[in-house]
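Asker: Mind looking over this structure? Questions follow.
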Amino acid sequence: MIECLIKDFPRHAQEEVTIRGWVSNRRSSGKVSFLVLRDGSGVCQAIAEREVLGEELYPEIKKIPLESSVIVRGTIREEPRSPGGYELTVTGLEIVQKSEEFPIGKKEHGPDFLLNNRHLWLRSGRQTAIMRVRDTLVRNVREYFHRNDFTLLDSPIFTTTCGEDTSSLFSVDYFDLGKAYLSQTGQLYLEAAIFGLGKVYCLGPTFRAERSKTRRHLIEFWMVEAEVAFADHEKNLALQEDFVSFIVQNTIAERAEELAYLERDLEPLKKVTPPFYRITYDEALKILGEHGSDIQWGADLGGDDETIITGLYDKPVFIEHYPKKVKAFYMKEHPEKPEYVKCADLLAPEGYGEIIGGSQREDDHGKLLQAILDNGLDPERYGWYLDLRKYGSVPHSGFGLGIERTLSWICGLKHVRETIPFPRMIYRAYP
Ligand code: 4AD
Ligand code: MG
């Protein structure tokens, strides 16, 4: 008897096979039970009849608790009305473990209940669909960089040189060296790597002790960052357009089935091709003022502001040239307008908002040192980073894209908490 995965049923029609999995659903009568089986590769309907399975086994199957693990023998039959187009006529069934009553049922559960049971919720059809899209998205991210001659550069998680807002750092005791911090970004390390490798990227977890309780914020999230030598702001935006278009188009093409299950309308995503829209920060402020926002010059866009802007465009939109004082110290000063920096945030449409933060980097030693001091940072900790401006400094640029926010947009989810297997939020570090 051959062992078979549900996804391979089409290749084994009419054969008798064994599958191993779980009972996702069951509908039983006196004579026949319809089981929905799940094996990690797919789901199928299985038909168990009293006549075939006998007086001893059939009553067990008839009342088998949901989520019980099973080894099922049966014949694969084509059945157009069945999900997947095939079903299994059961000829034998072994219960591996009879499940206790599964806490997640058909009725609506609140988000807290589901998050407390994330370890169980993760096996649901919706969550497995999201995790498959995540897998495909991350694979396409790596594929893009591989095809475009970038080298993967794994940046450290423990750092003593901080890249972003120092108020959102997690500190840990690092032996006799005092405090070290969990990385908020791999960018500074990527900058060191371009001198040997030209084009590099990193993809890993990042940590932000932000007290934001929004649908866009996680405490631990995955970010992919790219850094390119001899690339200015314009090249940086062109790279981002090409990259985002590639990952979106490939992911929706490869995961059409899962996205349909999630009821995602693919039409807006199909439009994600270069060029994207571009507006300046000052233009954004004008638009926001006209739409009732009270944002003042010099403030960062809030979540509501991003929602307003992205509602106005049918493709991603770059917001370029923020005031220097809103952004991180490493961004390159605008040559004509020194109160601005050469940066852009990329906002995803349909209300999703910022998915990328990027910029050209300050490559002048004196200006960078001044920016470090102006931001109240300790130049000693940035010794190595400043060195990069002494030994063959070049114009260079890069960006970072949040995997969870991008996935939430691609899947059409309301909240990032479903996009990562075990979300970390201010009030949640369990399970
Ligand atoms: O805009 P951010 O802070 O940029 C950087 O960290 C730069 N060092 C990147 C670079 O230029 N190499 O973060 C980049 C992206 C955001 O646009 C967002 O998608 C995501 O990371 N992100 C978060 N995602 C979920 N939860 C949070 N708390 C996030 N903070 C940032
Ligand atoms: Mg940002």
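The values are calculated or read from the model by the stated rules, or taken from the named source; none is laboratory data. Values in this document were obtained by computation on a predicted structure and should not be read as measured data. Here the Cβ positions follow ideal geometry from the backbone for every residue, glycine too, while neighbour counts run over all protein chains shown. Note: accessible area is taken over every heavy atom of the protein model, side chains too, but ligands, DNA and RNA are not part of it. Shrake-Rupley method; radii C 1.70, N 1.55, O 1.52, S 1.80 Å.
One line per residue, one yes/no per condition, for (1) under 30 Å from residue 222 (Cα atoms); (2) buried (at least 16 other Cβ atoms within 10 Å of the Cβ); (3) outside the structural domain of residue 21 (by TED's automatic domain parsing):
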residue: 93; (1), (2), (3): no, yes, no
residue: 108; (1), (2), (3): yes, no, yes
residue: 112; (1), (2), (3): yes, no, yes
residue: 130; (1), (2), (3): yes, yes, yes
residue: 138; (1), (2), (3): yes, yes, yes
residue: 141; (1), (2), (3): yes, yes, yes
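Asker: Would you please name the residue that is farthest from residue 331 (Cα to Cα), looking only at residues in region 217-229 that are within 13 Å of the chain's Cα centre (by Cα) and more than 6 Å from ligand 1 (Cβ to nearest atom)?
Answerer: Looking at residues that are within 13 Å of the chain's Cα centre (by Cα) and more than 6 Å from ligand 1 (Cβ to nearest atom), I get 220.
Asker: A further question follows. How do the pairs read when you match residues in region 162-173 that are at negative phi and surrounded by 13 or more Cβ atoms within 10 Å (Cβ to Cβ) with residues anywhere that are among the small types (Gly, Ala, Ser) and in a loop (DSSP other than H, G, I, E, B), using Cβ under 7 Å and keeping only pairs 6 or more apart or on different chains?
Answerer: 163/328; 164/328; 168/209; 169/209; 170/209
So that you can scan it fast, the table gives a plain yes or no per residue for (1) touching a helix residue (DSSP H, G or I) at 6+ places or on another chain (Cβ under 6 Å); (2) in a helix (DSSP H, G or I):
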{"residue": "221", "(1), (2)": "yes, no"}
{"residue": "246", "(1), (2)": "yes, yes"}
{"residue": "250", "(1), (2)": "yes, yes"}
{"residue": "258", "(1), (2)": "yes, yes"}
{"residue": "263", "(1), (2)": "no, no"}
{"residue": "294", "(1), (2)": "no, no"}
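Asker: Name the residue that is farthest from ligand 1 (Cβ to nearest atom), counting only residues in region 380-403 that are among the aromatic types (Phe, Trp, Tyr) and either outside any helix (DSSP H, G or I) or open to solvent by 50 Å² or more (accessible area, probe 1.4 Å) (or both).
Answerer: Among those residues, the one meeting the criterion is 391.
Asker: Check whether at least one residue in region 44-67 is over 26 Å from residue 126 (Cβ atoms), at pLDDT 95 or above, surrounded by 15 or more Cβ atoms within 10 Å (Cβ to Cβ) and among the small types (Gly, Ala, Ser), and report yes or no.
Answerer: Yes: region 44-67 contains one or more residues that are over 26 Å from residue 126 (Cβ atoms), at pLDDT 95 or above, surrounded by 15 or more Cβ atoms within 10 Å (Cβ to Cβ) and among the small types (Gly, Ala, Ser).
One line per residue, one yes/no per condition, for (1) farther than 22 Å from residue 141 by Cα; (2) within 16 Å of ligand 2 (Cβ to nearest atom); (3) hydrophobic (A, V, I, L, M, F, W, C):
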{"position": "341", "(1), (2), (3)": "yes, yes, yes"}
{"position": "359", "(1), (2), (3)": "no, yes, no"}
{"position": "389", "(1), (2), (3)": "yes, no, no"}
{"position": "395", "(1), (2), (3)": "yes, no, no"}
{"position": "426", "(1), (2), (3)": "yes, no, yes"}
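Asker: Can you pull out the residues in region 160-206 that are touching a Ser or Thr at 6+ places or on another chain (Cβ under 7 Å), assigned to a helix (DSSP H, G or I) and either within 9 Å of ligand 1 (Cβ to nearest atom) or modelled with pLDDT under 95 (or both)?
Answerer: The answer is 188, 190.
Asker: Can residue 278 be described as under 27 Å from residue 394 (Cα atoms), open to solvent by less than 10 Å² (accessible area, probe 1.4 Å) and basic (Lys, Arg)? Break it down into steps so the answer makes sense when it comes.
Answerer: On the way: under 27 Å from residue 394 (Cα atoms): yes; open to solvent by less than 10 Å² (accessible area, probe 1.4 Å): no; basic (Lys, Arg): yes.
In short, no.
Asker: Please work out if residue 359 is hydroxyl-bearing (Ser, Thr, Tyr) and either surrounded by 22 or more Cβ atoms within 10 Å (Cβ to Cβ) or assigned to a helix (DSSP H, G or I) (or both). Can you show your working first?
Answerer: Working: hydroxyl-bearing (Ser, Thr, Tyr): yes; either surrounded by 22 or more Cβ atoms within 10 Å (Cβ to Cβ) or assigned to a helix (DSSP H, G or I) (or both): yes.
Here the answer is yes, as residue 359 does meet what is asked.
Residues checked against (1) among the charged types (D, E, K, R); (2) open to solvent by 50 Å² or more (accessible area, probe 1.4 Å):
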residue: 252; (1), (2): no, no
residue: 274; (1), (2): no, yes
residue: 282; (1), (2): yes, yes
residue: 287; (1), (2): no, no
residue: 291; (1), (2): no, yes
residue: 304; (1), (2): yes, yes
residue: 312; (1), (2): no, yes
residue: 322; (1), (2): no, no
residue: 335; (1), (2): no, yes
